[in-house]
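> Below is one structure. I have some questions about it.
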There are 2 protein chains.
Amino acid sequence: MYDLLGDLSIIEASSFVASPTAGLYCAQFGAEVIRVDHKAGGLDYDRYMLTREGRSLSWENLNRGKKSVALDLRSDEGRELLVEMTRKTGNVITNLPEKSFLSHAAMSRGRADLVSLRVMGWHDGRQAMDFTVNAASGYPLMCGPEEWEAADPPPVNQVLPAWDFITGAYSAFALLSGIRHRDRTGEGSELRVPLGDVAIGTMANSGAMAEMLYRGGDRERLGNAIWGAFGRDFRSRDGVRFMVAALTAKQWQGLVGAFDLGNEIVALEDELGVCFADGDTPRFAHRHRLFALFETKAGALPWADLEARLSAAGATYERYRTMHEAAQDPLLVEGNPLFGPSPANPSGFAYPATRSFANIPGREPADPRPAPFLGEHTEAVLAERLGLPSGAIGDLVDRGIARLSDRK
Amino acid sequence: MYDLLGDLSIIEASSFVASPTAGLYCAQFGAEVIRVDHKAGGLDYDRYMLTREGRSLSWENLNRGKKSVALDLRSDEGRELLVEMTRKTGNVITNLPEKSFLSHAAMSRGRADLVSLRVMGWHDGRQAMDFTVNAASGYPLMCGPEEWEAADPPPVNQVLPAWDFITGAYSAFALLSGIRHRDRTGEGSELRVPLGDVAIGTMANSGAMAEMLYRGGDRERLGNAIWGAFGRDFRSRDGVRFMVAALTAKQWQGLVGAFDLGNEIVALEDELGVCFADGDTPRFAHRHRLFALFETKAGALPWADLEARLSAAGATYERYRTMHEAAQDPLLVEGNPLFGPSPANPSGFAYPATRSFANIPGREPADPRPAPFLGEHTEAVLAERLGLPSGAIGDLVDRGIARLSDRK
């Protein structure tokens, strides 16, 4: 929570995960992010997980630190208020369809230099969401145990909606780029970010697309091994599962030392005529022989012992945790300055709340702010942004065009 | 490839995936991104996949459109040249350790308003990479078939290095935020983005951390089903696997129509006393009963038939493809303006190359540019950025402090 974007005001008319995270990151850097929802709550207002009182824990985390305006977005009058807000503000994040009342054309009529960022499904307008673009990307058919059949494996969807989160962060970047361009030239921009293009584009940017075309086929199954480098999951004698990785000669030597495999490695190098310290290639090419050595050694030692060695060697490793474990882990959460005291959440439930991912040494980050109640800022924003007097606002509320806070 | 950031110049001293994508996105928007590597190539110069000639296909896609300077970064003299470049440029992306020659303190000595963005492992300096922070996050123990034991399931690593890509996009955003702040106040910033914080922070921002703490335990296994909504993978009669999702009443009705399940759904609603069109909750709560209906219907129809129906209904669905299939898919790649003609890649291999994820209607995007050869811009950059005359540059090359293009 650093004040890097304190001069920016952004209207966010969006739902779900991708576009709200774009707004969230801006809010965490001090921008005023005004989320405008339909008065009964947007499509994501009731998304799991819900508390017993029906408050969405995902909504209140994705929208922490924003303002909330609630309008009847099914009425022309409510829609026009939103469009007017975008014109007065000049910066918009949305995932409403381009062919909707909130098109760039409609908003920029009356605000020629408007910068809008629109998250879409596929580039041609077809519907998409994280799990469907993931299916198209090729990744799910690569996930899962190495021993599954290569010809027709069942797909494994990643539980993390990665495409949503990459799209959200990229959208925040693209929005700021459009704003920077306007600062310099006066020209607004309509920036469209299709979730499907983030997925296929990432697959290409990673080099994987070129790889498959170069191979003329698909990659072999790897299970939990790291592609093109040394790393995999192992299990200690007392059943603790952990991941190790060695991406440099130094990390490799640290791992070999921690596992006390010096002699075995030398013997294997002699047998194969390679030097594993040379780079990723020999370590990856001969990974199965190496995994066998590491597996045996891991299975002979208790985790406490292994961890002490890995830590002392400065190795790159991590124990697998369940999410509930991770949520209570002192190293990951309590003792981590990423998290701050839980503000007064609309749900009434107290839990660690995040600051921005980025930290600035020497600058004190503000505490996390609460998520808004739906409609908490309707009155204040209509007054300040649209200049409506309180009588006019009262009338809008009476007629159900605007709604005030849903705090009970 | 839009010229939104054409006035920006950025020095990138980084490797692997996260920080190079931050530079890539800036380069795609027209910024001059000067990647500075050790003269023999950085830690990622030989990363898989390699062509027969030893060119890395991942490197040339992650560094498309950047300039490349090669220096002896193991020598004090080479390091000092890099530090001097950062001071002259004022904007830096790096993943070198904070306790290195490229600390913010060293760079900003002589450039007080420097903005640096440093990708780190864990916030406390411990080593990390994508697969290890993923292990800590809780996601791998949630992935995989529903029928695996809940108590001690094997972890499933996602093949996509999602944390790298989220971190890269977020870092581009954070860098621009720091630059905007400097534009307004004259103050530089040292922005640190730990990969581990992106992972744990995302888990929290998604609401999942609060969910597990609220439950007092972990979530049930879901397999490929979408958490809290309706969606899962199915298989057609002729063996085609596909994903469907319904996140709104409209999408739900479209799906029911496409699968011709109207009567069955009404009967189930009567039996259970619910109305599935009401929202996510009844559809998720009774998903197993619904999945059984959809599974039976899917298994009775050939894909061509199902797809025609899903498409006509405007449903949210996608066929699972292998990555090799996806790479050759006309809808995803050839016919997609995200991709452009393959520029002259260092590998000599021709394949579709990406433009920016964001597109701007009405503005013609430039074609993708080639990745640089290592050291291709050493001479030009040393001359322009540091004002070195050609004699001095020649001397640096002769003494192995600087290296020119590795084009053969």
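The values are calculated or read from the model by the stated rules, or taken from the named source; none is laboratory data. These numbers were taken from a predicted model, which means no experiment stands behind them. Because the Cβ atoms are built from the backbone with ideal geometry, glycine has one as well, and the counts that use them run over all protein chains shown.
> Within segment A:383-408, which residues are in a loop (DSSP other than H, G, I, E, B) and acidic (Asp, Glu)?
Passing the criteria: only A:406.
> Another one. Being assigned by TED's automatic domain parsing to the domain that holds residue B:45, aliphatic (A, V, I, L, M) and touching a Lys or Arg at 6+ places or on another chain (Cβ under 6 Å) is the requirement here; does residue B:392 meet it?
Values: assigned by TED's automatic domain parsing to the domain that holds residue B:45: yes; aliphatic (A, V, I, L, M): yes; touching a Lys or Arg at 6+ places or on another chain (Cβ under 6 Å): no.
No: the conditions fail for residue B:392.
> A further question follows. Within segment B:334-350, track down each residue that is crowded, with 20+ Cβ neighbours inside 10 Å and either in contact with a Ser or Thr (Cβ under 8 Å, 6 or more places away or on another chain) or β-branched (Val, Ile, Thr) (or both).
Residues satisfying the conditions are B:338, B:339, B:347.
> Select, from A:332, A:301, the only residue that is at the interface with chain B (Cβ under 9 Å from one of its Cβ atoms) and either aliphatic (A, V, I, L, M) or at positive phi (or both).
Being at the interface with chain B (Cβ under 9 Å from one of its Cβ atoms) and either aliphatic (A, V, I, L, M) or at positive phi (or both) holds for just one of A:332, A:301, which is A:332.
> Let me ask you something else. Collect the residues in segment B:360-389 that are out of contact with any helix residue (DSSP H, G or I) (no Cβ under 9 Å at 6 or more places or on another chain), of a type in the set (D, E, K, R) and either crowded, with 18+ Cβ neighbours inside 10 Å or not assigned by TED's automatic domain parsing to the domain that holds residue B:86 (or both), keeping them in residue-number order.
Residue satisfying the conditions is B:376 alone.
> Separate question: Applying the selection to segment A:149-196, what residues are among the polar types (S, T, N, Q) and closer than 12 Å to residue B:358 by Cβ?
If the condition is that a residue be among the polar types (S, T, N, Q) and closer than 12 Å to residue B:358 by Cβ, then A:167, A:171, A:177, A:189 are the ones that fit.
> I'd like to verify a number: residues in segment B:112-152 that are farther than 23 Å from residue A:363 by Cβ, at pLDDT 95 or above and facing another protein chain (nearest Cβ under 10 Å), how many?
So the answer is 18.
> Okay, moving on. Select from segment B:266-277 the residues that are free of Cβ contacts under 8 Å to residues at least 12 places away in the same chain and within 43 Å of the chain's Cα centre (by Cα) and write down the one among them that is nearest to residue A:50 (Cα to Cα).
Taking the candidates together, the pick is B:275.
> May I ask you to list the residues in segment B:250-264 that are part of a helix (DSSP H, G or I), under 17 Å from residue B:232 (Cα atoms) and not small (Gly, Ala, Ser)?
The answer is B:251, B:252, B:253, B:255, B:256.
> Hey, any hits in segment B:171-192 for a residue that's of a type in the set (S, T, N, Q), more than 7 Å from every other protein chain (Cβ to nearest Cβ) and buried (at least 24 other Cβ atoms within 10 Å of the Cβ)?
Within segment B:171-192, one or more residues are of a type in the set (S, T, N, Q), more than 7 Å from every other protein chain (Cβ to nearest Cβ) and buried (at least 24 other Cβ atoms within 10 Å of the Cβ).
> Now for a different question. Only one of (1) more than 13 Å from every other protein chain (Cβ to nearest Cβ); (2) of a type in the set (Lys, Arg); (3) touching a helix residue (DSSP H, G or I) at 6+ places or on another chain (Cβ under 9 Å); (4) not in a helix (DSSP H, G or I) is not met by residue A:74, so which one is it?
Only one criterion in (1) more than 13 Å from every other protein chain (Cβ to nearest Cβ); (2) of a type in the set (Lys, Arg); (3) touching a helix residue (DSSP H, G or I) at 6+ places or on another chain (Cβ under 9 Å); (4) not in a helix (DSSP H, G or I) is unmet by residue A:74, namely (3).
> Next up: Could you pull out the residue among A:178, A:125 that is over 30 Å from residue B:7 (Cβ atoms), in contact (Cβ under 8 Å) with a residue 12 or more places away in the chain, small (Gly, Ala, Ser) and assigned by TED's automatic domain parsing to the domain that holds residue A:378?
Exactly one of A:178, A:125 is over 30 Å from residue B:7 (Cβ atoms), in contact (Cβ under 8 Å) with a residue 12 or more places away in the chain, small (Gly, Ala, Ser) and assigned by TED's automatic domain parsing to the domain that holds residue A:378, namely A:125.
> Give segment B:284-294 a look and list any residue that's surrounded by fewer than 16 Cβ atoms within 10 Å (Cβ to Cβ), out of contact with any Leu (no Cβ under 8 Å at 6 or more places or on another chain) and of a type outside the set (A, V, I, L, M, F, W, C), or say none. If you could, list the steps in order and put the result at the bottom.
Taking segment B:284-294 and keeping what is surrounded by fewer than 16 Cβ atoms within 10 Å (Cβ to Cβ), we get B:285, B:288-289, B:292.
Within this subset, residues satisfying the condition of being out of contact with any Leu (no Cβ under 8 Å at 6 or more places or on another chain) are B:285, B:288, B:292.
Answer for segment B:284-294, where residues must be surrounded by fewer than 16 Cβ atoms within 10 Å (Cβ to Cβ), out of contact with any Leu (no Cβ under 8 Å at 6 or more places or on another chain) and of a type outside the set (A, V, I, L, M, F, W, C): just B:288.
> Taking into account only those residues within segment B:35-50 that are modelled with pLDDT of 95 or more and surrounded by fewer than 24 Cβ atoms within 10 Å (Cβ to Cβ), which is nearest to the chain's Cα centre (by Cα)?
In this case the residue turns out to be B:38.
> Follow-up. Would you confirm, using the coordinates I've provided, whether residue A:9 is surrounded by fewer than 24 Cβ atoms within 10 Å (Cβ to Cβ), within 14 Å of another protein chain (Cβ to nearest Cβ), of a type in the set (S, T, N, Q) and in contact with an Asp or Glu (Cβ under 7 Å, 6 or more places away or on another chain)?
When the stated conditions are applied, residue A:9 passes them.
> While we're on this one: Evaluate the following for residue B:98: is it among the acidic types (Asp, Glu) and more than 25 Å from residue B:387 (Cβ to Cβ)?
When the stated conditions are applied, residue B:98 passes them.
> Then there is this: Within the bounds of segment A:198-217, is there any residue that is in a strand (DSSP E or B), more than 7 Å from chain B (Cβ to nearest Cβ) and under 27 Å from residue B:59 (Cα atoms)?
Checking segment A:198-217: not a single residue is in a strand (DSSP E or B), more than 7 Å from chain B (Cβ to nearest Cβ) and under 27 Å from residue B:59 (Cα atoms).
Let's see how each residue does on (1) more than 7 Å from chain A (Cβ to nearest Cβ); (2) in a loop (DSSP other than H, G, I, E, B); (3) modelled with pLDDT of 95 or more:
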| residue | (1), (2), (3) |
| --- | --- |
| B:336 | no, yes, yes |
| B:343 | yes, yes, no |
| B:349 | no, yes, yes |
| B:357 | no, yes, yes |
| B:363 | yes, yes, no |
| B:369 | yes, yes, no |
| B:376 | yes, yes, yes |
| B:381 | yes, no, yes |
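> I would also like to ask the following. I'm told residue B:281 meets every condition in (1) surrounded by fewer than 16 Cβ atoms within 10 Å (Cβ to Cβ); (2) modelled with pLDDT under 95 except one. Can you identify the failing condition by its number?
Tallying (1) surrounded by fewer than 16 Cβ atoms within 10 Å (Cβ to Cβ); (2) modelled with pLDDT under 95, residue B:281 fails exactly one: (1).
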